[in-house]
1. Give me the compactness ratio for the chain, meaning the Cα radius of gyration over 2.2 N^0.38 Å.
2. How many angstrom lie between the C-alpha centres of segment 291-356 and segment 58-120?
3. Set the Förster distance to 35 Å, then compute FRET efficiency between Leu160 and Lys289 from the Cβ-Cβ distance, nearest 0.05.
4. Taking the Cα-to-Cβ direction at Glu266 and at Ala322 and moving 7 Å from each Cα, how far apart do the two end points lie in nm?
5. Modelled label-to-label distance, Lys129 and Ser274, 7 Å Cα→beta-carbon offset: nm?
6. Quick one: which residues, 5+ away or cross-chain, put their amide H under 5 Å from the amide H of Leu25? H built at 1.01 Å from N.
7. Given Lys281/Lys341; Lys166/Lys259; Lys2/Lys281; Lys232/Lys271, which pairs have Cα atoms separated by over 30 Å?
8. Per residue of segment 9-26, in order, report the coupling 6.51 cos²θ - 1.76 cosθ + 1.60 (Karplus, θ = phi - 60°) as ³J(HN,Hα) in whole Hz, putting x for Gly and Pro.
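Read-outs: derived from the displayed coordinates by stated rules, not from any lab. These numbers were taken from a predicted model, which means no experiment stands behind them. Virtual Cβ from ideal backbone geometry, glycine too; neighbours counted across all protein chains shown.
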Amino acid sequence: MKILHFADLHLGVENYGRIDPNTGLSSRLGDFLSAFDEVVEYALNENIDLILFCGDAYKSREPSQTHQREFARRIWRLASNDIPVFLLIGNHDLPNAINRATSIEIFQTLAIPNVTVANHPGTYQIKTKPGPLQVVALPWARRVALLSREETKNLTLDELNERLEKILTERIMAEVEGLDPSLPAILAAHVFVHGAQTGSERSMIMGHDYMLLHSSVANPAFDYVALGHIHKSQVLGENPPVVYAGSLERIDFSEEEDKKGFYVVEIGPDKQVSYEFHPVKARRFLTIKVNVAPLEPDPTQAVLEAIARHDVKDAIVRVQVAISERLEGLLDEGEIRKALKDAHFIAAIARDVERERRPRMSGFTAEGMTPMEALEVYLNSKNISKERIKVLLEYGQRLIEESRSEEP
């Protein structure tokens, strides 16, 4: 049995994008759909028996009609080719109000063949070509759905999370007790598991997540634990494998070094499990850091040479320039942008300017000093010649007198 595990599609993330003149849509939407298409093509060409999607189809809880259309097209292509698709609800798929429909509930409402939507915790038996598979589903849980007002009364956020974690752990145990040990079983969960390395998802959520212990999900009754919610692909443990597929596309620069893709899981007749990560061609993010030497005669050229050492073509690029205050004015941003013309998007040309320390006029205080006295003290602190100071003081005196003569 071959299972394709992916998660956190997040259609609708359009930062660092531009309008594609051919479609009128964001180029970043094209990136996310291209990654999804790689999943679909792999499934169709490699005889995948089940698509296991572990939550967060969209960025928004109320996705646009275009985003819904593009998601549905690809799900339909899989399902119509006799590949079962299991869709788990993530936190971004949930509406703000508890009785409103989730963003992917329409597949369940229309009873689309070969598509299963897991809105609620429970065990689902999925028919695949090699035989039946048990999937214990743990969609993202809302506190209001599991805890009554009386239970949550006077509890802190941490206490609420502890109560929720206990309920979910007990629910997993209850589902395990009902499993048929002769059939393969998978836990599919959209959840934060303790020990996971986080990424951009921390900036995409509000509030404080509840967190399950590794021991809560790594039950030996499961042959594989498929996770969603964390964007960084990672394996948290073996026996059984506890795996975050990660997001299919890079969201921001916090994921610059992350590999993006999906996992293919094989469960043999004797329930031996193997799994392998398959990368997709995600859009590259590239940070170019330049430290301009204090005595650099041409700071712009120094930046251009640094850019030339990188492949910027089709990447989302940011340039970070550390430069002294004295040289900052010599930096030609227009030339830098020309050097980045092959980039997909210029995210930023940021300057980290080292300000020069101003000499303090120690021993003097402005209190009780006339404007001319303060000016003379300042000029003397700048190592200006006496002749030049005399001229500047004369100009200063003249300006003060002129300003006074104009007063009503």
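1. On the way: Rg = 30.3 Å, N = 408, 2.2 N^0.38 = 21.6 Å.
Rg over 2.2 N^0.38 Å, computed on Cα atoms: 1.40.
2. Cα centres, segment 291-356 to segment 58-120: 44 Å.
3. Working: r = 42 Å, r/R0 = 1.21.
So the FRET efficiency works out to roughly 0.25.
4. 4.9
5. Each label point is offset 7 Å from its Cα along the Cβ direction, giving 1.9 nm.
6. Amide H to amide H, under 5 Å and 5 or more residues apart or across chains, Leu25 pairs with Asp20.
7. With Cα atoms farther than 30 Å apart: Lys166/Lys259.
8. Ordered by residue, 3J(HN,Hα) equals 5, 6, 4, x, 6, 10, 5, 6, x, 9, 6, 6, x, 7, 10, x, 10, 5 Hz.
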